[in-house]
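The values are calculated or read from the model by the stated rules, or taken from the named source; none is laboratory data. Just so it is clear, the model here is predicted, and its values are computed rather than measured. Glycine gets a Cβ as well: all are built from the backbone with ideal geometry, and neighbour counts include every protein chain shown.
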Amino acid sequence: MNNEILTIALAKGRLGKEAYKLLNKTNLANNVDLKSRKLIFNDELNRIRYFYVKPTDVVTYVLQGVADLGIVGKDNILEEAGDLYELLDLEMGACKFSIAGKKGQRVYRDEALKVATKYPNIAKNYFKEKQQKIEVIKLNGSVELAPLVGLSDVIVDIVETGNTLRANGLEVLEDMYSISAKLIANRTSYRFKKQEIELVMKLIAIGKGESC
Ligand code: PRP
Ligand code: MG
């Protein structure tokens, strides 16, 4: 029988590790060991359960209400687009979404633009607003290759240091959005567990070095 009050979904990878460090500053995430192969951690002291899942799945767990809270990048929130609350900007994992391609590549034109991306929804929504017709080519990684080999005209992807673009002779053609990690909440959970969630928010804010 579980006696957890809250369940938090953490994104695997670099972001998850940074989020873990932040949670740990205020003694949240006790008993969480990201080096283990476990996917569920029970912090009995705080009565919080953690799930350790793929970044794209954090939003799904929170939307379905299986997790009350989630820590995930804005990129995944935009791509999965659902009815949830964004409670806090964690000011980590800062980067941007950009359209990139070979130098001189035109983005806006009469014909459909071929766009390679891991984020088809973000690309579709963005270009729809700009009234530019596109053909989306969904890839699962290394998208910078696509314009180099003629699979696409441009890419829509995350740019952090710009190293991957530079290493492949590509450049930013247009910046789209700034992104960073967010604390998200299931809407029903927020209604019924408001006090507990606000306590977690307070502790995270203290961890960030802010007063709340
Ligand atoms: C991400 C992203 C860019 C790169 C941006 O790729 O898709 O390619 O990092 O970072 P940079 O501007 O600092 O180079 P990732 O390494 O996650 O691999 P993937 O695209 O193959 O999934
Ligand atoms: Mg990449």
Of residues in the stretch 1-23 being in a helix (DSSP H, G or I) and touching a residue at least 24 places away in the same chain (Cβ under 8 Å), the one nearest to N42 (Cα to Cα) | L23
Of all residues in the stretch 94-120, which are within 13 Å of ligand 1 (Cβ to nearest atom) and not in a strand (DSSP E or B)?
-> A94, K118, Y119
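How many residues are outside any helix (DSSP H, G or I) and in contact with a Lys or Arg (Cβ under 7 Å, 6 or more places away or on another chain) when one looks only at the stretch 141-156?
Step one: list which residues in the stretch 141-156 are outside any helix (DSSP H, G or I), which gives 141-144, 149-156.
Cutting the leftovers down to in contact with a Lys or Arg (Cβ under 7 Å, 6 or more places away or on another chain) gives us 141, 143, 152-153.
Of the residues in the stretch 141-156, 4 are outside any helix (DSSP H, G or I) and in contact with a Lys or Arg (Cβ under 7 Å, 6 or more places away or on another chain).
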V59 in contact (Cβ under 8 Å) with a residue 24 or more places away in the chain and part of a helix (DSSP H, G or I) | yes
Where residues in the stretch 118-143 are within 16 Å of ligand 2 (Cβ to nearest atom) and among the hydroxyl-bearing types (S, T, Y), which of them is nearest to R14 (Cα to Cα)?
-> S142
Contact list, first residue from the stretch 121-140 and part of a loop (DSSP other than H, G, I, E, B), second anywhere and surrounded by fewer than 12 Cβ atoms within 10 Å (Cβ to Cβ), beta-carbon distance below 6 Å, six or more apart or interchain, is Q132/Y108
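Every residue, every condition in (1) modelled with pLDDT of 95 or more; (2) within 30 Å of G169 (Cβ to Cβ), yes or no:
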position	(1), (2)
N31	no, no
N46	no, no
T56	no, yes
Y61	yes, no
G93	no, yes
A100	yes, yes
Counting only residues that are within 14 Å of ligand 1 (Cβ to nearest atom) and basic (K, R), how many does the stretch 131-154 have?
-> 1
For N30, all conditions in the list (1) free of Cβ contacts under 8 Å to residues at least 40 places away in the same chain; (2) out of contact with any Leu (no Cβ under 7 Å at 6 or more places or on another chain) hold save one; what is the number of the exception?
-> (2)
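For the stretch 1-12, give me each residue that is surrounded by 15 or more Cβ atoms within 10 Å (Cβ to Cβ) and at pLDDT below 90.
Filtering the stretch 1-12 down to residues surrounded by 15 or more Cβ atoms within 10 Å (Cβ to Cβ) leaves 4-12.
The answer is E4, and nothing else.
Of the residues I184, I158, which single one is closer than 30 Å to L22 by Cβ and either away from ligand 1 (no atom under 16 Å from the Cβ) or exposed (fewer than 13 other Cβ atoms within 10 Å of the Cβ) (or both)? Steps first, answer last, please.
Details: I158 fails: either away from ligand 1 (no atom under 16 Å from the Cβ) or exposed (fewer than 13 other Cβ atoms within 10 Å of the Cβ) (or both).
It is I184.
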Residue pairs meeting the criteria (Cβ under 8 Å; at least 6 apart or on separate chains; first more than 14 Å from ligand 2 (Cβ to nearest atom), in the stretch 144-161; second assigned to a loop (DSSP other than H, G, I, E, B)) = D153/Q105; V154/Q105; V154/V107
Would you say I204 is part of a helix (DSSP H, G or I), within 15 Å of ligand 2 (Cβ to nearest atom) and under 19 Å from N76 (Cβ atoms)?
-> no
Scope the stretch 63-78; condition buried (at least 20 other Cβ atoms within 10 Å of the Cβ) and either in a helix (DSSP H, G or I) or hydrophobic (A, V, I, L, M, F, W, C) (or both); matching residues = A67, L69, I71, V72, K74, D75, N76, I77
